[in-house]
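Okay, structure first, notes after.
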Amino acid sequence: MHPAPVWLFDLDNTLHNASAHVFPHINRGMIAYLAQHLDVDEDTANALRLDYWRRYGATLTGLMRHHGTNPAHFLAETHRFERLHELLVFDRALAAMLRRLPGRKIVFSNGPQHYVDAVVRAMGIRRHFDDVFAVERMRFEPKPGVHAFRRLLREHRLRPQRCVMVEDSAVNLRTAKRLGMKTVLVGSLPRRPAYVDLRISSVLELRRAWPRLFA
């Protein structure tokens, strides 16, 4: 009998559908921020946003490396929501799934702390998590960088072999697997990468599917 794992859950497009309304809102904020602070037009700003996201896994990383952007200021300005609860799309059965899933649970997100806290509270699932580990706690070195994972492991005194990373981003799972974690990909890719142990179309499938990770 395997001991209950420690679940590390990504937030956006893993626990809720951020692509529907939340990401478009954040993307508009990022484009406006880049246009203003880099003194470029919106098309150039959007191209930079996408380029840095594809190259580094986070637009913020590219801005810090190439433009010396203040990360706290950038995240505060681009993650403003007046009616966040109206933008959230998630399954109401999520809370019950988390409650029944054995083991400790931590949210592990590249988002800023104020945003991640607000989302999990608006979804009514905060009580199911031991911690909400956001990008400030990673010292603004987000996933897929290995430092983000190591900071979480060190702070919670976890062995990676006990952890299961649940993500919609395959590149983030590659880092998790290299560290020795089990990996769960949420979503529909045309094929399952070798470093993914389990692929599910919805996080709700996790409760029934997770024993296959340890079969």
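The values are calculated or read from the model by the stated rules, or taken from the named source; none is laboratory data. Quantities reported herein were computed from a predicted structural model and do not represent experimental measurements. With ideal geometry, Cβ positions are generated from the backbone for all residues, glycine too; neighbour counts draw on all protein chains shown. Areas reflect the complete protein model, heavy atoms only, side chains present, ligands, DNA and RNA absent. Shrake-Rupley method; radii C 1.70, N 1.55, O 1.52, S 1.80 Å.
Is it fair to say Leu189 is assigned to a helix (DSSP H, G or I) and at pLDDT below 95? It is false that Leu189 is assigned to a helix (DSSP H, G or I) and at pLDDT below 95. So Arg104 clears everything in (1) open to solvent by less than 30 Å² (accessible area, probe 1.4 Å); (2) under 18 Å from the mean Cα position of the chain (by Cα); (3) not aromatic (Phe, Trp, Tyr) except one condition, right? Which one? If we test Arg104 against (1) open to solvent by less than 30 Å² (accessible area, probe 1.4 Å); (2) under 18 Å from the mean Cα position of the chain (by Cα); (3) not aromatic (Phe, Trp, Tyr), just (1) comes out false.
If you go through the stretch 1-46 and keep only what is without any contact (Cβ under 8 Å) to a residue 12 or more places away in the chain, closer than 23 Å to Phe140 by Cβ and either hydroxyl-bearing (Ser, Thr, Tyr) or assigned to a helix (DSSP H, G or I) (or both), you end up with Phe23, Arg28, Ala35, Gln36.
Kindly indicate whether any position in the stretch 135-156 is charged (D, E, K, R) and more than 24 Å from Tyr52 (Cβ to Cβ). Yes, that holds for at least one residue.
Are any of the residues in the stretch 112-130 in contact with a Pro (Cβ under 7 Å, 6 or more places away or on another chain) and among the hydrophobic types (A, V, I, L, M, F, W, C)? No, the stretch 112-130 contains no residue that is in contact with a Pro (Cβ under 7 Å, 6 or more places away or on another chain) and among the hydrophobic types (A, V, I, L, M, F, W, C). When each of Val107, Val116 is tested for being in a strand (DSSP E or B), among the β-branched types (Val, Ile, Thr) and touching a helix residue (DSSP H, G or I) at 6+ places or on another chain (Cβ under 9 Å), the lone residue that passes is Val107.
When the stretch 63-92 is filtered for residues that are closer than 11 Å to Ile26 by Cα and open to solvent by 60 Å² or more (accessible area, probe 1.4 Å), the ones remaining, listed by number, are Glu77, Arg80. Filtering the stretch 200-209 to residues that are open to solvent by 70 Å² or more (accessible area, probe 1.4 Å) and over 20 Å from the mean Cα position of the chain (by Cα) leaves only Arg208. Restricting His73, His85 to residues that are more than 18 Å from the chain's Cα centre (by Cα) and closer than 13 Å to Val22 by Cβ narrows the list to His85. When you check Glu136 against the structure, is it in a helix (DSSP H, G or I), open to solvent by 20 Å² or more (accessible area, probe 1.4 Å), acidic (Asp, Glu) and within 19 Å of Asn13 (Cβ to Cβ), yes or no? Judged against the criteria, Glu136 is not a match. There is no residue in the stretch 177-199 that is small (Gly, Ala, Ser), touching a helix residue (DSSP H, G or I) at 6+ places or on another chain (Cβ under 6 Å), closer than 24 Å to Arg54 by Cα and open to solvent by less than 50 Å² (accessible area, probe 1.4 Å). Residues of the stretch 152-167 that are of a type in the set (D, E, K, R) and either assigned to a loop (DSSP other than H, G, I, E, B) or surrounded by fewer than 16 Cβ atoms within 10 Å (Cβ to Cβ) (or both): Arg154, Glu155, Arg157, Arg159.
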